[in-house]
Amino acid sequence: MPSAKILLPVAVLMLALSCAFMVIDDPGDKITALLTRYANKFPQQKVHLHLDRNYAAAGDTLNFKAYVVMAENHRLSDTSKILYIDLLDADNGYSTTLNYQIEAGTASGTIEIPDSLKNGNYTLRAYTNWMKNFGEEFFYHAVLKVGNASDNITVAQKQTGNKEDQLYFFAEGGKLVDQLVSVVGFKAIDKQGKGIAVSGSVTDESGKSIASFRSAYAGMGRFSFKPEAGHQYSAVVKFSNGIEKKIPLPQIAESGYVLTANNEDRNEIRATVNYHGKAAGQSVLLVTQANHKVINTTQVNLVNNKATVALKRRDFPTGIAQLTLFDMAAEPLAERLVFINRNDQLRLQLSAPQTTTATNRKLTLKVSDALLNPVNAKFSVAVLDQTLNSDSLNMPSIMADLLLTSDLKGAIENPDRYFKDRSPETALLLDNLMLTQGWRRFNWKDMLAGKDPQLLYPAEKSQSVSGTLLSKKDVPISNGKVMLVSRSDSAFTLNAVTDDKGRFTFDLPLLFEQQLFNLIGADDKGNSDGKITLDNKILAWPETIHRLTASDDQLKKYITANQQLFNNRSKQLKEVVIKAKQPTVTEKALASSNNLNGAGNADQVLTFQDLINCHDLEMCLQGKLTGVSFKSVIDNNSNSYKSVPFAAGGMGKPMLIVLDGVPVASSFSRLNNIPVATIQTIEVLRGGAKLVAYGMQASGGALIITTKNGTVDYNAGIEPLRNNKPVPGLMLLRYNGYHKAREFYNPPANAQGKQNIRMAGTVYWKADLRSNDDGQATIEFKAPANVKKVAIVIEGLSAEGKTGYLYQTQAF
Amino acid sequence: MQKPCQPMKTILVAFLLLMSCLRVAAQQNLYGRVADTDGAPLAGATVFISESKIGTVTDDKGNFVLRVPGSGNLKVVVSFIGYETQMQTVAPGMGANLSFVMKPVSNQLKDVIITSRSNDNWKRWGEAFTAAFIGSSEYAAHCTIANPQEIGFEFDKSTQILHAYASVPIMVQNEDLGYLVTIALVDFKLYTSSNDVDYQAYYLFNEMKGKGERQARWEENRRKVYALSLMHFTRALYDGRLKEEGFEIRRFMQVDNKEKQRVKKIYDQQYALHADSLKKVSDHMAALNKIIANRFGKDSLRYYKKVLAEKDTEIKMSELLKVDDISEKKDKVRALSFKNQLQVVYKKNKEPEEYYKFRNNTALSTENIAVRTNDISTSQLVMPPRLNPYTEMWLTNSIPVNIKENGAMDNTNLYMSGFWGWWEKIGTKLPYEYYPD
């Protein structure tokens, strides 16, 4: 810096100023500046899903709660409003995308598994538009095992590219250097990519044994030895399946730096730099960072080619810390990851269950921080029937996901193993993992060159439709007018003017489910012979990441346990098949009805097709039901009028509403409480023998409402788009609004009557449990008498970004 | 001492010179020798760094070696039966060879202890001493003093001050936190009339050996105690993490009564307007009030009279203060310096049950006498809510207090009343090595 050189001698007072000028010369400051710039420009998001199960039968519904956080502090992020969830099976070419509304960093909803789905390991991935800028590696991934009762239950294991078992070596810090004792981490994987136990020894070219090793967990382990240049080292490996192999070790460099980290002390991490070479080692720079924030930069001056730096553990947040060694020209030399557990996540405690009635269970959750202070935080709760299954669910917890796996390359097997306890053994297993799995958030080369990832996908603040208006000759029309007309019942029109590239964007109001739009485009003179192209929002990327799959046992037991139900369903379907070769949509829709008289045995049947373009159920039904009149009554819950159906000849008693097989208490019963879009069929029982099955409470007639469960193609009844012949300047668009969730029906504690016939599996699901200021929350659920054992899984996040996780089994 | 806005009785705790900056960067050995005034070596004397877990005993030749952290001033304490406790401050890199010359305790002190023992003074004063020294928290309730017979008491009737003496270290076993605390008591005064306490002592912590559930319980309790501790606050202050750690600081301020000034102005204006007529009457004020009632209405007059009866200034709380408003960090020390009085509130938890009772009983006995005389039993009173623990603190003579990275403070100029005055006792004391992670 010539300017600095001139200024320096001028006055001592200018020293401070000249220091500022010298920033560019200092490699530590340069790296810090680059990292800070990157962190500010590309704030990273992470998504974690709490799924109630990771196995399902075709036709099932899964519940989820999504936590969308900023990577820097794990606080809920409000920058994106749309969450995408893909269900994919590359082998079968199946792919579907659902979108959900993110509110204050969380989203919750249901994922319906179509019952046409074949057996398989499906990938479930979740992301926001912004996350697409950084690639699929950063998405949330889970493997969903789907079994179809009519298919063979065994799910084929997915094959990786690997033809045989593999063993990989990772020298600590990155490379092996002549004469420097080094730790070598290794990882052995089988054909499916799962860790496999190995043992073996390291020999030089003459066959002399130098070191021996044995994997400790998930095919991972470590050994140390002193490499010497000029030797060819290889490992003779024996895999646990008996296969033996000889695998060469990485080359030995003649000179260089080796960075090692000792993470065993409770207070500090000792980073040691060793150098070997002809000349003496130069000073180097150790940069430590966590969550994209530089924690410190230390100039390391070597004495006798060696130096140790003590890093205070307390300076780091819980999570992965990245230690990188640079030369003074800011070129990276070596890197080491260490996991720092400050033991500061939320503590969850569950009281013993109280039995309030024969089947009713009540538990109290107590939430506290690391200092045992009460914490007010958001949670999701799943209670699963484990009567037949004893295996744990093997889904990564929010803690393991956000703090560990989301920042590491590749799949991590059973990540919660590393948080099981605070023993030195567990710490060593975790450190083995750190040695063998790389950091993935950015690559130094691009970062130091100032090469940014391309930002193609903005963070979405609302649902939108965007595209380009082109002339007949494909020239963009600037200053053109584009109008969006909603053809659905929430009628609205939006106008936009195209920019100089012919581009337009419509920010849409809150819309659910599928919507039909007309897009009409014209240039500024009103000529509408151009055409509209829309930005393709669907992620067409193939599934590139292979995820580990769980065992089939869970799914097998589940399907077996529910065989009765699956058989019933198949039988119902079969009966329909006998009647008519091609079952109608109505017949298909009715197949899942719980009508005690038999599905479809009713005075009148309405299906979802009759309810298209219907938003107000009470209003809709008034025009559609025969022999039923509606009376306006004050609804005590909402203090407004509600329309109550009365069947002709119902002797003045209102009709009973039966939702998915459960009679709804009359105080709760308001038809408009049931979202129209969730309804699959409505069966009307006006009188006579059909009411007997429902008893006295149905003396005024009954409406049997069955909600959607993915058994039918809900788009089948919608008029086909007549876009075979493109109309100039006009486009028909079928837009997928937010996916409307089917409410998980948790029967109230005092619910009477017949239990809902539900697939065993999830006994209880609550997506929005909050602990109060005293850190307490109450969980109350009904466990049917045949449920002898449950697993309770609670996940959550505090406002400060601390994760909470609890997995507990409970026998009744 | 000027103490504005004191809602209740205060307990003053002078905070000791805590100089064990325990950065783990480098360790060094401190060598030294302990001898009596004749130069004869004293074997078996306890040598330790105050408020830490670092301690040893002298060998046959009176020599000792202490392995200590390499930086920061250290308070090296020597305590031995029958001798006065000695303390030396050791600066980093200094004092590789320390020399302690121990003076025997005076015969007068010995007499006090012997007399005290024969009179069974522990029976009379033990409870008051324990409450003031060990505390009244739930943790204090599970502390035992192993050698109470070594503590002597002397009560001065004229000043109402209770003095306590010990010629040997006091040994306290804290069953809730898992520490054996060796305490060299230098000075102890309890002002029985006001319940204020003033003492000086040095502490050595030894971890008790425990396994499984017992150890887990200690660790849990240490976390709970740490959350509410002054050490937690001083560390949060040092790190500039007040908000994250849950502390809120406000300043007590004297502010002008603006409304009174406004009303005064109205009166002045009206007086000026009607000066001529007012001069003719003897009771200016009554006449002026009449004019104001005519001009602004009777309701306004009533209000103005009320405002004028108020004080010219009132005590108010400032907005939330930031770390840099009250302190400055340089060279691994944060200097805490402020005017008036600060209020520190811990927002993450409620005050402990015992303190809540203590606080409200104190308030009842001093301020709510009227309620009591009306003969309403306490059970009939609507109990006030449990609050977040709060403490008022002020500096004597405006001398700044230096806070080290581990939260230790370097002098006794910080006084406090309120929660920490009650809480910061042996029963809830943690060594400066303690960190909750």
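The values are calculated or read from the model by the stated rules, or taken from the named source; none is laboratory data. If you're wondering where the values come from, they're calculated on a predicted model, not measured in any experiment. Glycine gets a Cβ as well: all are built from the backbone with ideal geometry, and neighbour counts include every protein chain shown. SASA here: full protein model, heavy atoms, side chains in, ligands and nucleic acids out. Shrake-Rupley method; radii C 1.70, N 1.55, O 1.52, S 1.80 Å.
Couple of notes before you dig in:
- Whole-percent P(r), the range B:257-336, all Cα pairs, 5 Å bins from 0: 3, 12, 17, 15, 11, 7, 5, 5, 5, 6, 5, 4, 3, 1, 0.
- Split the accessible area of the range B:27-106 by element, probe 1.4 Å, and carbon with sulfur accounts for 50%.
- For chain B, the longest principal axis of the C-alpha atoms and the axis of helix B:230-239 are separated by about 80°.
- If you take the alpha carbon atoms of the range A:375-519 and fit the smallest convex hull around them, that volume is 292 Å³ per residue.
- The range A:231-304: GluC sites (Glu not before Pro) in DSSP coil with no more than 14 other Cβ atoms inside 10 Å: A:Glu254, A:Glu264
- Close amide H pairs (under 5 Å, H built 1.01 Å from N) link A:Leu249 with A:Tyr233, A:Ser234, A:Ala235, residues at least 5 positions away or on another chain.
- Remark on the range B:104-175: ratio of C-alpha radius of gyration to 2.2 N^0.38 Å is 1.14.
- Here is how the number arises for chain B: DSSP H runs of 4 or more residues each give -39500 (n - 2.57), the sum is divided by the residue count, and the result at 222 nm is -8500 deg cm²/dmol.
- Within the accessible area of the range B:258-349, the carbon and sulfur atoms contribute 50%, probe 1.4 Å, all protein chains present.
- Of A:Lys378/B:Lys224; A:Lys306/B:Lys61; A:Lys366/B:Lys53; A:Lys420/B:Lys209, those spanning more than 32 Å from alpha-carbon to alpha-carbon: A:Lys306/B:Lys61; A:Lys366/B:Lys53
- Acute angle (nearest 10 degrees) that the helix B:258-273 long axis makes with the longest principal axis of chain B, alpha-carbon atoms: 30
- Globularity ratio of the range A:584-707, using Cα Rg and 2.2 N^0.38 Å: 0.97
- Charge tally around B:Met253: other residues with Cβ under 12 Å, Lys/Arg +1 each, Asp/Glu -1 each, net +1.
- Note on A:Met619 and A:Thr809: with the Förster distance fixed at 51 Å, the Cβ-Cβ geometry gives a FRET efficiency of about 0.60.
- Among A:401-409, A:164-172, B:341-349, A:455-463, sorting by the average number of other beta carbon atoms lying within 10 angstrom of each residue, highest first, gives A:401-409, B:341-349, A:164-172, A:455-463.
- Every Cα-Cα pair of chain B was included, and the share exceeding 41 Å stands at 30 percent.
- Site pair A:Glu137 and B:Asn388 shows an inter-label distance of 4.3 nm when each label is modelled 7 Å from Cα along Cα→Cβ.
- Shielding value for A:371-382 is 3, the average number of Cβ atoms from other chains within 10 Å of each residue's Cβ.
- Computed over neighbours whose Cβ is under 9 Å from that of B:Ala335, the net charge equals +2, Lys and Arg +1, Asp and Glu -1.
- Computed with a 1.4 angstrom probe on protein heavy atoms, the B-A interface buries about 1600 square angstrom of accessible area in total.
- Projected-area mean, the range B:27-106, by convex hull of Cα positions, square nanometres: 4.8
- Crossing angle, helix B:353-367 versus chain B [Cα axis fit, 0-90 degrees, rounded to tens]: 50
- Inter-chain shielding of A:349-356 (mean C-beta neighbours from other protein chains, 10 Å cut-off): 0
- Residues of type aspartates and glutamates that B:Lys290 reaches as a straight line, Cα spacing below 20 Å, ignoring anything fewer than 8 places off in the same chain: B:Asp268, B:Asp276, B:Asp299
- Sum of side-chain charges, B:Leu185 neighbourhood, beta-carbon under 12 Å (Lys, Arg +1; Asp, Glu -1): -2
- Computed over the range A:275-405, the quotient of the alpha carbon radius of gyration and 2.2 N^0.38 Å is 1.67.
- Evaluated over the range B:88-233, the Cα radius of gyration and Dmax, each in Å: 17.6, 53
- In the range A:83-128, one over the average inverse separation of all distinct C-alpha pairs is 11.6 Å, which is the Kirkwood hydrodynamic radius.
- Computed about its Cα centre, the charge dipole of the range A:584-707 is approximately 240 debye, with only Lys, Arg, Asp and Glu carrying charge at their Cβ.
- Two-site FRET efficiency, A:Arg734 against A:Glu103, from Cβ-Cβ distance with R₀ of 22 Å, rounded to 0.05: 0.30
- Annotation: for a label point projected 7 angstrom from Cα along Cα→Cβ of B:Ile81, residues of the range B:178-210 with backbone N closer than 17 Å are B:182-185.
- For the peptide A:334-344, the mean number of other protein chain Cβ atoms found within 10 angstrom of a residue's Cβ is 1.
- Kirkwood Rh and Cα Rg combined as Rg over Rh, evaluated for the range A:330-439: 1.07
- Choice from B:Arg334, B:Arg33, B:Arg214 with maximal GNM fluctuation in chain B (Cα, 10 Å cutoff): B:Arg214
- Taken over the range A:228-349, the convex hull of the Cα atoms encloses 167 Å³ per residue.
- Accessible area per residue, Å², the range B:258-310 with all protein chains present, probe 1.4 Å: 73
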